[in-house]
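Engineer: Quick one: structure below, then a few questions.
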Amino acid sequence: MENSTPMMKQYHAIKSNYKDYILMYRLGDFYEMFFEDAVEASALLEITLTKRNAGNNQTAPLCGVPYHAVEGYIAKLVQKGRKVAICEQVEDPAMAKGIVKREVVRVVTPGTLVDPQMLDEKKNNYLVSVVMHEDAYAMAYTDITNGDIHIKSFLKDAFGGLVDSLIQLSAAEVIFYQAELGSILREMPVFSGSVFTEMPASTFTYATCAKRIAETYKVHTLESLGISGTNATVQVIGALLHYIFDTQKVQLVHFNQLIWDNDRDVMLLDKYTRSNLELTETLRNKDKKGSLLWILDQTGTSMGARLLKRWIEEPLLNQSAIENRLSAVEMLLEEKIIREELKLALKSIYDLERLTSKIVYGSANARDLLALKQSLSVLPLVKTLLESVEAAPMLRDINDRINGFDDLFGLLEEALVDEPPFTLREGGIFKETYHAELMGLRHIEQTGKDWLLAVESEEREKTGIRNLKIGFNKVFGYFIEISKGNVKLVPDNYIRKQTLSNCERYITEPLKQYEEKLLGSEDQMHKLEYQLFLTLLQDVERHILDLKETAHALAEADVLLSFASVSEKNNYVKPSFTQDQSISIENGRHPVVESLVASQCFIPNDAHLDMAENRLFIITGPNMAGKSTFLRQVALITLMGQIGCFVPAERAALALVDRIFTRVGASDDLAQGQSTFMVEMTELSHILRYATSKSLLILDEIGRGTSTYDGLSIAWSVVEYLSIGQSATPKTLFATHYHELTELEGRLNGVQNYYIAVEEVKEDILFLRKIKKGGVNKSFGIQVARLAGLPKRVISRAKEILLDLEAHDINKVHISVMNNVTEDTPVINDQQLSFFNEEESDILKELKMIDINSMTPMYSMNKLFEFVQRANKRKG
């Protein structure tokens, strides 16, 4: 350091405060990186690694990127999980004494991205702070482009709830200060795509956090914001605000709302349900296509697409709020012409949420303001169209929240040219009439150009050089260029400035004098336009909160329009809600499957569940017949109703369920060291722990991950538990291959048997896809295997084995039903569930007591005959 160059000393001083960041240090037209940053960045960005003199005969590894393309390189680094600090000149080089002063003016991390080009336009990018307190966990999260902070808390024994929430958010970055908590989260494979940033404990102190909250929201007491809980709540909010302020270096004027998720009337969907129902991505490929979001997304704006995803993941629990959405969708369905005009209008509106955030964070350019102006120009039409369908309360509320912004639109219209440049310091942003001084400078520029053309024409006449021309570059300024063949005609007052291969360049005294005047006016003009732009940004920033509210309202309108369009296209119907917790669906369809098999005929099915005799369906039938599709479609129809969308059915009267739980399919979680069966049992445990009488359960093939007897035992016991084992008896659809479970109909209240019909055609089967009352005692596994193309030899041998197994089917014995099971019912410790009756159990006891080595052949035969007689007598 002591012997380093002045520039390197400055670099080291700045870098010492940003050790965990890649520091991009502005030098002229490049952002340069040195030492270990250069080595790492050159590899990540695939750019050339070179070196630079660092003083004392030392060199420093170096790589750089041009300033005009820096955002793309920043995006690549952040996408690879790196944090970047942007260092700029903060004083005029002409005024500097020694090296120009530089400072970090912006920090970019995965959770603090604001440039729309770096973000997925249809997904929120969440930054989260977490704290572990004495008796609870707390978290606060935000997408810093919209300025809303959400707060959630979890009891100390509900760590899984914290994890599940982080998974749901797909958190881009998590900040924390407790090493133990951060270490646990960081090491979980499900968070491999998140960046974890450890902060100093001082960032999370109550005093620091309370001060930051009060300053941001401009309040004297936290109670006025509704913050009256534990220190943990203050810590997570304050630390989050501190981190955003520290990285963005601006006042967070659009942060004006705190939302307590625990108090909201929305359904909690655990990770299993979101995954198994394929709400936003498919289970296998993690693609949007094939998910419910893919079907419902007909939004015209990016902010609408993001809101739709949130609505799908947060079904409502408040019937009034649900019906307000449904009424709005119904009205938009009826008014097709207005609906189409609204959709067309919204497509002309840019992403107002992220445009306003760029204004707040100081990264907006003239083209962003032009996009804002064009968006505002559409709002009067949107309001007029909404007024014509105001019969729906929600549409009326949306219209009231949309500001027309007549004054702001007028200001932008008056100021900006139709095609402003991308950069801000080269002029050409404002209309000539916008500012008097600017008009004067523009006049000098224009007359200067005219003067140059006149001088060029005059010099051609004087010299007789017809191809003489006046040019300009940043090194020499204005010059007269003459080809080699005409050099002999050059007058004596021309001063040679540069020699090129095919021409000579000259200057004259009058040309240099006018250059000073002309370039001076251009420089003044560029500086003036930049200052005018900063002032214009301040004028726009005064409208930030109204712009934010308008953006939210437009997003809601966009989602409702999407629901209406999808409902019309797919022939969905408006659901109603029952008061007795019953579900009645007539000719229901799976919204995704029916779209994917559009060339075929999707077979609809009814579903009628209640809290009495039709509370738990045991559904049998072969693989591929449609059991899983039926289960999922009932759950999806229920969920769609509670997000306020019409549903795929001829009629639907739905229960307002508090939770939807699913246990579907089987897969290993190798990263967690869990087998298929362990994953299955973990999910099942979660369901049985949290399900209530108002929940909807979807259970598919419980117990398939272990041996037949263990699996059947568990499945049987689960059905009993859901029927009589607790006070909460949820509505349940239970698909199984254990045909023995069909015996429970008539023996347990509320249990009904259904099966997916198939038709046997010789040795093959035809899937009818229709659910019918009753049960089946065959799985048609061999027929399905034949359809899958297994070799004939395998199929033939399987049939032989099946016949042999059926002849000795131990599952055909009687199983008793345990009645009046409660949590206090004594548990049989470590005993295998017996499938033998009482007499057969006595025989087993005697067999165990016989000493085989001391038995004579005659005694053995007599004893065996006795056992057979007793067994046959019992069966008779």
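The values are calculated or read from the model by the stated rules, or taken from the named source; none is laboratory data. If you're wondering where the values come from, they're calculated on a predicted model, not measured in any experiment. In this analysis, Cβ positions are derived from the backbone assuming ideal geometry, glycine residues included, and neighbour counts consider all displayed protein chains. For accessibility, only protein heavy atoms count, side chains too; no ligands or nucleic acids. Shrake-Rupley method; radii C 1.70, N 1.55, O 1.52, S 1.80 Å.
Engineer: Given a cut-off of under 8 Å on Cα pairs at least six residues apart, what relative contact order in percent is computed for the chain?
Structural biologist: Over the chain, the number comes to 9 percent.
Engineer: Stokes-Einstein at 25 °C, 0.890 mPa s, Kirkwood radius from Cα pairs: D for the chain in µm² s⁻¹?
Structural biologist: In µm²/s, the coefficient is 74.
Engineer: Now a separate question. Would you calculate a helix-derived [θ] at 222 nm for the chain, using -39,500 (n - 2.57) for each DSSP H run of n ≥ 4 and dividing by the full residue count, to the nearest 500?
Structural biologist: So the calculated ellipticity at 222 nm is -13500 deg cm²/dmol.
Engineer: Students often get this wrong, so check it: of K289/K569; K271/K309; K574/K772; K122/K309; K152/K286; K574/K694, which have C-alpha atoms separated by over 20 Å?
Structural biologist: Over 20 Å apart, Cα to Cα: K574/K772; K152/K286; K574/K694.
Engineer: Name the shape class, rounded, prolate or oblate, that the alpha-carbon gyration tensor gives for the range 299-381, where a ≥ b ≥ c are the square roots of its eigenvalues, rounded holds for a/c under 1.5, and otherwise prolate holds if a/b is larger than b/c and oblate otherwise.
Structural biologist: It comes out oblate by the Cα gyration axes.
Engineer: Taking a temperature of 37 °C and a viscosity of 0.692 mPa s, what whole-number D in µm²/s does Stokes-Einstein yield for the range 146-222 with Rh from Kirkwood over alpha carbon pairs?
Structural biologist: Rounded to a whole number, D works out at 229 µm²/s.
Engineer: Taking the alpha-carbon distance from K773 and a cut-off under 23 Å, which lysines remain once sequence neighbours fewer than 8 residues away in the same chain are dropped?
Structural biologist: K627, K731, K812
Engineer: As a test question: what accessible area, to the nearest 10 Å², does E586 have when a 1.4 Å probe is rolled over all protein chains in place?
Structural biologist: Looks like 70 Å² after rounding.
Engineer: For I259, what residues show an amide H to amide H distance below 5 Å, using hydrogens built from the backbone and excluding near sequence neighbours?
Structural biologist: Long-range HN contacts for I259: I149, H150, I151.
Engineer: With θ set to phi - 60°, apply the Karplus curve 6.51 cos²θ - 1.76 cosθ + 1.60 along the range 301-310 and write out the HN-Hα couplings as whole Hz, x wherever there is a Gly or Pro.
Structural biologist: Taking θ as phi minus 60°, the curve returns 10, 5, 5, x, 5, 5, 5, 4, 4, 5 Hz for the range 301-310.
Engineer: Considering only DSSP beta bridges whose two residues both sit in the chain, what percent are antiparallel, to the nearest 5?
Structural biologist: Bridges in the chain are about 65 percent antiparallel.
Engineer: Could you tell me what percent of the accessible area of the chain is made up of carbon and sulfur, with a 1.4 Å probe and every protein chain present?
Structural biologist: The computed percentage sits at 50.
Engineer: Further question on the same structure: Can you give me the Cα centroid spacing of the range 1-63 and the range 83-160 in angstrom?
Structural biologist: 24 Å
Engineer: Could I ask something else about it? Can you run phi through the Karplus equation (6.51, -1.76, 1.60; θ = phi - 60°) for the range 284-293 and list ³J(HN,Hα) in whole Hz, with x for Gly and Pro?
Structural biologist: Once θ is set to phi - 60°, the couplings for the range 284-293 become 7, 9, 6, 9, 5, 4, x, 9, 4, 4 Hz.
Engineer: Ok, one more. Roughly speaking, what is the stretch gain from K347 to N256, that is 0.36 nm per residue apart minus the C-alpha to C-alpha distance, in nm to one decimal?
Structural biologist: Gain in length upon complete extension: 30.0 nm.
Engineer: Tell me, what is the per residue accessible area of the chain in Å², probe radius 1.4 Å?
Structural biologist: Heavy-atom accessible area per residue stands at 49 Å².
Engineer: Whole-Hz ³J(HN,Hα) for each residue in the range 518-525, computed from phi via Karplus 6.51 cos²θ - 1.76 cosθ + 1.60 with θ = phi - 60°, x for glycine and proline: what do you get?
Structural biologist: Values, residue by residue: 5, 5, x, 6, 5, 4, 4, 5 Hz.
Engineer: How large is the dipole of the chain about the Cα centre if only Lys and Arg carry +1 and Asp and Glu carry -1, each at its Cβ, rounded to the nearest 20 debye?
Structural biologist: 1960 debye
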